[in-house]
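Okay, here's the structure, questions in a sec.
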Amino acid sequence: MKKNRSRQTISLISSSSSDSDEDEFGTQLNPNKKQRVEAVLPAGFLDPIRPEKPTAAAPPITAGNAMVPVREEINNVSAAVEKGKRAAAVTTNTAAVVRNCKQFWRAGDYEGISNGGDVSLADMDHVRVHPRFLHSNATSHKWALGAFAELLDNALDEVCNGATYVNVDMVMKANTKMLVVQDNGGGMTPDKMRQCMSLGYSAKSKMANTIGQYGNGFKTSSMRLGADVIVFSRCRGKYGLSTTQSIGLLSFTFLQNTGKEDIIVPIVDYEKTGETWNKRLKSSDECWQRNLETVVQWSPYDSEEELVGQFNFLEDQGTRIVIYNLWEDDEGLLELDFEADQNDIQTRAGNRDDKKLMTIANDHPSSRRFLTYRHSLRSYASILYRRIPPGFSIILRGKEVEYHDIVDDLIHPQKHVYKPVACASSKDPNMSAAVTLGFIKDAGHHIDVQGFNVYHKNRLIRPFWRLWNASGSDGRGVVGVLEANFVEPAHDKQGFERTTALSRLEARLIHLQKTYWSTNCHLIGYAQRRHSKKPVSPEKEEASPPNADDKSNSTHNTTLAPKSNGKKGQKSSPVVRERN
């Protein structure tokens, strides 16, 4: 290769080992000799990739130039070099964020780049999101009340911004029932409103005291309850910024009826100047007006005045969510039942006997939550959080939900501390779980109530989780409560991701329940179990966990539990003890 001040050239040498008789330019080659072709390079081609001063542009290519094919090839090389420079910039900016994570459950920790990198996305293909995804995404909530829990979580997370209540109610509009979820938290700025309507964005994933983390809860929960949702949010101006209010519409009906193939979310913003609310433009006045017309056409409200009137329900700040076009069941009835109890919202499950269930719940008040949480939002919300922040209230249809601690329903309680072994899927190996175990107060009536209530970051993930499926009456009446922050909840927050840490936790909880039942079942009227060896005491158990907890992933390892009877193959039948 030769370099000259007046011009730059590159020598292309063809080897005699070539299988063809012609080179890439169509020139006949001598198989016994090497041929050298000199190509003129564009000015600046051999300069550094990032020159301190701009170089002169390459001369135009003319048809009379004999080296046109070579120059075309060189231009392609130049384009490839530029592409490599841009790819290197992206790699450099994202390397510290992605960290090449190869674990599926941890790959979602990617947070992106605040400035989007140095690369323009105008010439790149984008992934399109079809409106059908709104529905398929919402199917993660197989249980309607689980969708309500997501909306309550968002309101509770606003306690740090001054929220003191969340109000869940049903309102009528043109003889149509609509759901309203409203809080007086910090509200959303115009930018946060757009992030809320986006898929997967969450600013709370790295905050220690918040429940939300996937950036998907609002979309899945609202679309699970109804086809359309409109959001009104007012945010008080801080740090010299103006107070704003925004209206956003996420409407499956609009997208479906207009034949959209991408998810379009019309949003309009207002800004307060003095005592007057004015338009806040993101692009042009025409675009703002078009968004407003779309919102009015596809929302339950008939005019801009009626839309803006919804902000009268909010004070200086807060968010009001209205879900309409609620889903129906196969019989054409609303999935949600608003008539059974005027102070409650229930699911309309056709296979439940309301009268029989309520009779049992009234006769056995300590078992009421177990019997009713599956279909009663009031019952479910009362145990949804391990702790309620002071001064915060959950109001359901005009009546405050009374917080209930399941531990208060237990008799003969025992406390254990479970310390998980350090594993790759555990973000903090020093975390531990305090497990409270006991009999439900109604266990003496031999009601089949059992299971563990497992919380994560104060939120109930698995209510009355039944792990030990023993034959007969073994395990009946044993209820546990714990908060496990070392296992990751699933996206719908109704279960945990299947990891090694979860399998070990399951094995430990089964062991605790078996040990507790076999040593205490006589206290509630069952025959005392006899053991071939003395069971491990809780103190010794915590200090020296069984090997199965450290090495085995099995959730039904029978070696963890003491034998149910001294004789092989013979079971002890439960005996009801005579009570005075």
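Return the whole-Å distance between the Cα centroid of the stretch 146-172 and the Cα centroid of the stretch 256-285.
Going from one Cα centre to the other spans 24 Å.
Follow-up. Please give the FRET efficiency for Glu335 paired with Ala174, using the beta carbon to beta carbon distance and R0 = 22 Å, rounded to the nearest 0.05.
The formula returns an efficiency of 0.65 here.
Using only C-alpha atoms and all pairs of different ones, pull out the Kirkwood radius for the stretch 234-294 in Å with one decimal.
When all Cα pairs of the stretch 234-294 are included, the Kirkwood radius is 13.1 Å.
Taking amide H positions as placed in the peptide plane 1.01 Å from N, state which residues far from Tyr165 in sequence (5 or more) or on other chains have amide H under 5 Å from it.
Amide H neighbours of Tyr165, under 5 Å, 5+ apart: Asn184, Ser393.
Considering every Cα-Cα pair within the stretch 131-327, what fraction, in whole percent, is farther apart than 20 Å?
54 percent
As an exercise, take the mean of 1/r over every pair of distinct alpha carbons in the stretch 406-524, invert it, and state the Kirkwood radius in angstroms.
After inverting the mean inverse Cα-Cα distance, the result is 14.6 Å.
Convert each backbone phi in the stretch 274-291 into a coupling constant with the Karplus relation 6.51 cos²θ - 1.76 cosθ + 1.60 (shift: θ = phi - 60°), then list the ³J(HN,Hα) values in order as whole Hz, x for Gly and Pro.
x, 10, 10, 9, 10, 4, 10, 8, 8, 9, 9, 5, 5, 5, 4, 5, 5, 4
Considering amide H positions built from the backbone, and no H for Pro or chain starts, which residues 5 or more places from Leu281, or on another chain, come under 5 Å of its amide H?
Here the answer is none, since no amide H 5 or more places off falls under 5 Å of that of Leu281.
The numbers here are math on the coordinates, done by the rules we state, and not lab data. What you see is a predicted model, and the numbers here were worked out from it, not measured in a lab. We place every Cβ from the backbone using ideal geometry, glycine too, and count neighbours over all the protein chains shown.
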